[in-house]
Structure formats: C-alpha cells, structure tokens
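Novice: Take a look at this one; I'll ask things after.
Please treat every number below as a calculation from the coordinates, not as lab data. What you are looking at is a predicted structure, and each value in this text was computed from that prediction instead of being measured. Cβ: placed from backbone, ideal geometry, glycine included. Neighbour counts: every protein chain shown.
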Amino acid sequence: MSILVLHKKNLSRRSHLDRARQYAREHGERLLLVMKDPEWEAEYVDRVVIADTSSIDETLAAVRALAADESEAFSAVVTFAEAPVPSAARVAAEFGLPSVSEHTARLARDKWTMREAFAAGGVPQPRYGIAHSLEEARGIAERTGYPLVMKPVLGTGSMFVRSVDNEEELAEHFDFFLKGSWERFTYDPLHDAAHKAYDGGLLLEEFLPGTEICVESLVHDGETRTLAIHDKPLPTGPTFEEVYACTPTRLPEKTVRMVEEATVKVHRALGIATGATHVEFRLRGDDEPAVLEAAARMGGGPIYRSVLLSTGVDMVEAVLDLASGRAPRVEPAERATPVGFWNIFPDKAGTLTRVTGLDTVRADPRVDEVQIYKAPGDELLVPPQTFQGHGHLIFTVNTEDELDPAFREMTSTLRLETE
C-alpha cells in the first residue's frame, strides 16, 4: 500500500514530511509525493510525480496515471498545505479514501461561502459583505462599522488582509487590496470559478478588537477532540500575519468551554466529519468567541511542533491515521508544556543582507527549533504581500508567565536585516 501526499511548496513543512516518511516505514507502506516543483521534498519520499496540485484536474490526471503505474493501491491521501485541500478531496472521492467531501473542501477554502455556511449553522461571526467598488465598500462599512477588515475571498496566511480605521483609510487602500486579492492568488484551484462567481469582489468584515486564538482539533467519526488552543497576542493590526502564538491558552476555563463548543458548531456547519482542523476566533466582548475562518487541515508551519511539544500529541501521525481509516491515538500529557513560536519577518521588505543573533538563540536552552528559510541576497517580502514568514523559532518555558518575556527576548536578539 502507498500513502499519497499532495503538496505545494512551503518551507515550513520539512518536519511534516519527515514524520510522514517515518509513519510510512512504521506501517510498511511507500510514500508518494505529487507537487509541481520538488527540491528537498524528494529526500523524504519513495517516488515523486510532477503536477500542479493547485489544479484539481491536473492533479487527478497525474494521480490516475500514477495509480496505473503503481503495483500497490493507495491507502491514504493527505495534504499539509492549504491550496491542495480541494485536490486532495477530489482524489479521495475518486479512489474511495477517507477525507472531507469535495463540498466541504470548497467551503473551507472559499471565505464567502464559508461565511454563508456559518450563518446558516448559527455560528457567531463578524458582520460581513462583499464589495466590488469603493462605493459598495462604503455602504458595507455603514453596517459593519469601523474598523473593518478587508480580505480576499481566497488565500491563506493573512496575505492581502488589512484593517482600516475610517473612511479615509478605506479609500486609500481599497483598490490595491481589491486588485491584489485576485492577481496574487491565480495559483488557487478555485480562483477562476470564484472570480466569476463574485465578479472579482473583496470581502469586508467587522473588526473584532478582542483576544485572537486558534484552535487545533481532530475529528473522528464526527466527534471533535480539541488538542490545543494558541493565544495570538500579535499582531493587532493593521495586518494579521501570525507573528507570535503560544499555548496553552490563558483564557478562563469558562471561555475555553465556549470556544470548544463553538469549534464543534464550525465543524458541523462546514460538514467536517474526519481529519484535522485549524479554526481561528476572536472574542466579542469578554468571552463570546466569533469565528474568523476555518481550515480543513492541520495548522501550518510551527503549529505541528508546538502542539507536539505542549501536549505530546503527534498531529501528523493522527492525520495519517485518519486518512488511512485508523482511529488515532490521542493521549495528551497530563500537564501541557508552555510553548511559544515566532514566525520571523524583517522590519522592512528588501534584500536580505545578514542574519544576526542566530548563534545566540541556537545556544539558548529554551529554544527547541530555529530555522531561517532564506539566504543573504534573497528578496524578502513583508505582510500583507506575503503569506509566510522567512523563518521560525519555537521555544519552551516552565510557566505561562514566562512566555511573553521570552518572546520579547528572542525577537530582540535574532534579526533579519534587509536593504
């Protein structure tokens, strides 16, 4: 039997592929990779097939050809990236493998239909609308109020997401974000259909000033098991990339229960009955969670390692179990270890000239992992024009009170310098 991984270039997914390779060997299976531009990823698998997993049709054709050429059947299909989620659902449907449905995969990628599904399912969420012009945006702002958030219908990692505080800022930024929200996501498998369906519109949402969190869960036979809640103290706007997140959450137990209940409602609204999920909330008032968006996949980048260090639960193993039709083993530690991670950006866009403080943080016993994805001479973008940091750092401390001071120390030591 063979495990099929549909992948898209992402420099933070090395540990995911490494664990998938171990899992395949533990179960006597081969690991097959489908992606457009493999480099180091090929080191972790038994066979690579070149195909653009952002295209559902191209992916399906490549997988059909692979199935005809392979002597063993596929036992599972997974993806650890956002864009291939619809392709993975289509392949799973074709070969009768466990997965979310194709409909659910689309709901979890298309933020307008996601909002409509949440509304139908009674899930608390911000007020929202879609605008095709500044005039329409001003009309929506009369309902949502200011600040409001502009975001693409498609996309990931808070790329081309920004808040505006007033009508003057809306007028200043609207056209740029309207254009970028489609031109920068042409790779998305849903791009052409969504652009036609929404006539190139931009999603506008009420800004909620409360605490932001993200929730990592596993769903097995329709039952949700929440593994970890990360607090996300930064940023607070105007952009919303995941700079800093930490777990376990410092929310009161009553609020945690409300978040867990809201997560179950999110899964039901989207029809998620199996797999891992990453759900983002902000609190309205002191304790009412309102959903920002949800992904029908495990959280990206350092979240895998963060959950593992904090709880002892291996989410890659659990995802592969679920995709293989096995019941995952979920035995979290009795006490969660405080973990923080930093997605590293420079202060300004430009050419990377040097990395300072790397040896110092590597020698820090609190640092579990630090990776810089880029090298001097590379061009570095900053949010909102990129969805991914240019490195990450993960650290552990003894108590939750030490998380924020440790983060401030790490960020003052390690720097990406650009010019």
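Novice: For region 2-97, what ratio Rg/Rh do Cα atoms give with a Kirkwood hydrodynamic radius? Walk me through the intermediate numbers first.
Specialist: Numbers: Rg = 11.9 Å, Rh = 13.0 Å.
That ratio equals 0.92.
Novice: Quote the charge dipole size of the chain about the Cα centre in Debye, to the nearest 20; the model charges only the Cβ of Lys and Arg (+1) and of Asp and Glu (-1).
Specialist: Numbers: 45 positive and 68 negative charges, 110 e Å.
So the dipole magnitude of the chain works out to roughly 540 debye.
Novice: Let me ask something additional. Net charge within 15 Å of residue 41 by Cβ-Cβ distance, Lys/Arg positive one each and Asp/Glu negative one each, not counting residue 41 itself?
Specialist: Working: positive: 8, 9, 13, 14, 19, 21, 36, 47; negative: 18, 37, 39, 43, 46, 52.
Around residue 41, the charge tally is +2.
Novice: Please compute the Cα-Cα pair-distance distribution of the chain with 10 Å bins starting at 0, giving whole percents from short to long.
Specialist: Spelled out per bin, shortest first, that is 5, 22, 33, 28, 12, 1, 0.
Novice: Report Rg(Cα)/(2.2 N^0.38 Å) for region 158-258, keeping two decimals. Write down the numbers at each step before the final one.
Specialist: Working: Rg = 17.3 Å, N = 101, 2.2 N^0.38 = 12.7 Å.
After normalising by residue count via 2.2 N^0.38 Å, the value is 1.36.
Novice: Separate question: Please name whichever of 55, 306, 2 sits farthest to the positive end of the charge dipole of the chain, dipole taken about the Cα centre and charges placed at Cβ: Lys and Arg +1, Asp and Glu -1.
Specialist: The residue sitting most towards the positive pole is 2.
Novice: Can you give the Rg/Rh ratio of region 338-419, where Rg is from the C-alpha atoms and Rh is the Kirkwood radius? All intermediate terms of the calculation are to be shown ahead of the outcome.
Specialist: Details: Rg = 12.9 Å, Rh = 13.1 Å.
The Rg/Rh ratio comes out at 0.99.
Novice: Give or take rounding to whole Å, what are the principal axis extents of the alpha carbon atoms in region 127-206, in descending order?
Specialist: Reported extents, whole Å, longest axis first: 33, 22, 20.
Novice: While we're here: Cross-link partners among lysines for residue 265, C-alpha distance below 20 Å, same-chain residues fewer than 8 apart left out?
Specialist: 111, 254
Novice: Which lysines have a Cα less than 23 Å from the Cα of residue 348, not counting those fewer than 8 places away in the same chain?
Specialist: Here the lysines satisfying the reach criterion relative to residue 348 are 151, 179, 232, 374.
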